[in-house]
Amino acid sequence: MKESEKLLKRYISGEADPLEQTIVEKWYAALNVQDTSGFNDAQKQQQLELIKQNLPGPMIRKVKLWPRIAIAAALFIAVLGASLFYFSNQPDRTAVKTISYANDIAPGKEGATLTLANGEKISINNTITGDIARQGGVKISKAADGSILYEIRESRSGQVEYNSLSTARGQRTRLRLPDGSLVFLNAGSSLRYPTSFTALKNRQVDLEGEAFFQIEKDEAHPFIVKTKGQHVTVLGTHFNIKAYKEEASVITTLLEGSVRVNFQAATWNDNGKVIYEDEIVLSPGQESLLQGESISIAKANLEENMAWKEGDFIFTEKGIESIMRDIARWYNIQIVYEGSIPTGTFSGNVSRSKNISQILRALESTKLVHFKVEGRKVYVSK
């Protein structure tokens, strides 16, 4: 369920807090919708029933306050196809009219580059469906949906070869490893992996960027993902890792099963700083946040963390720099800040299938940030 739908559901059920109530009512006022104060009782009841039918999930309790009904009736249809962004700390800001840009930028798409062990590079975009290459007893092919598939045709115990699959900014892809594990690779990411796990004790891969893993269970051969500052060990599970070089932290999110996160921790004694190996174990619904030599565990916002895989951007109280880094990777743009960087946090959702103008307009509706698009540069100002 989108954040905007959740917000309306809380509003219509009377569960919205004062900030959320103000956000919805300011949004309603900004839309300049038709006055509904003249509706009779039958019309009011009809509107309420329509809202009940469209809201995801059951109504928590009957709604008796008509102003709430009128506002929700006016907004609910809009929220099904539109984006809602609001500034988390200043609810007195109202929306502005749609902004137009001199040029627009299309969203990213499926695509990747496969680098074989011998250094040969293959652009997946320019490759037709079917066989791509053969390495030893392994066949590499491209599926109709663009996924890269590895299939072991004959078992060999010779030298292990390593390939890498990388997505440029504005690309994403899927990969099925030789053991059947599935990897979804986000924009600006790369994965290095062996062409076969047969002769290896561990199924180890190296990740830079962001990926979602669905790992085939094999108790005899643990699956290990190495990133900057940590490595994650699993037997069979579903999890997401965000480990971009330009991000200050590495976020590991567990959806199913169990994972162990090993990292380099630090302590101090009389002789100074001491580095040592430490580990934590995550349970489903948890995330770890590694920053330098310290790590924390928290309840994960699964909808937000997995939004990229489902084709959406979802931000919950995020600063503009964090938001723009995600946008830059998907739209393959350069971000330029003019003057001081806008402060505060933003929340909202928008589809990754839309042109960049839609998300920029949604952010600008807070009146706290403004954008100028020139070519593939986006200028950000207060």
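Rule-based calculations on the coordinates, nothing more; no lab input. Just so it is clear, the model here is predicted, and its values are computed rather than measured. No Cβ is skipped: glycine too gets one built from the backbone with ideal geometry, and neighbour counts run over all protein chains shown.
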Exercise. In this model, which of K242/K318; K121/K142; K121/K245 are farther than 19 Å apart at the alpha-carbon?
Worked result: K121/K245
For this session: Whole Å is fine, so just give me how far the alpha carbon centre of segment 295-343 lies from that of segment 223-263.
Result: 19 Å
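Per residue Cα convex hull volume for segment 312-381, in cubic angstrom?
Residue-normalised Cα hull volume stands at 74 Å³.
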Exercise. How fast does segment 266-323 diffuse by Stokes-Einstein, in µm²/s, taking the Kirkwood radius from C-alpha pairs at 4 °C and 1.567 mPa s?
Worked result: 91 µm²/s
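Calculate the all-directions average of the projected area of segment 173-212's alpha-carbon convex hull, and give it in nm².
Numbers: hull surface 10.7 nm².
Orientation-averaged projected area of the Cα hull: 2.7 nm².
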Problem set entry | Karplus (6.51, -1.76, 1.60) ³J(HN,Hα), θ = phi - 60°, over segment 302-307, in Hz, Gly and Pro reported as x | 4, 4, 6, 5, 9, 4
Exercise. From the phi of every residue in segment 342-359, what ³J(HN,Hα) in whole Hz does the Karplus formula 6.51 cos²θ - 1.76 cosθ + 1.60 yield, where θ is phi - 60° and glycine or proline is x?
Worked result: x, 9, x, 10, 10, 9, x, 9, 7, 6, 6, 8, 8, 4, 4, 4, 5, 6
For this session: Work out how much length N125 to I335 would gain on full extension: take 0.36 nm times their residue separation and subtract the Cα-Cα distance, in nm to one decimal.
Result: 73.0 nm
For this session: For segment 206-265, report the translational diffusion coefficient in µm²/s to the nearest whole number, using Stokes-Einstein at 37 °C, 0.692 mPa s, and a Kirkwood Rh over Cα pairs.
Result: 281 µm²/s
For this session: Beta carbons within 10 angstrom, averaged per residue: use that to sort the peptides 188-201, 291-304, highest first.
Result: 188-201, 291-304
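Taking 2.2 N^0.38 Å as the expected size of a compact globular protein, what ratio does the Cα radius of gyration of segment 109-304 give against it, to two decimals?
Against the empirical 2.2 N^0.38 Å value, I get 1.07 for segment 109-304.
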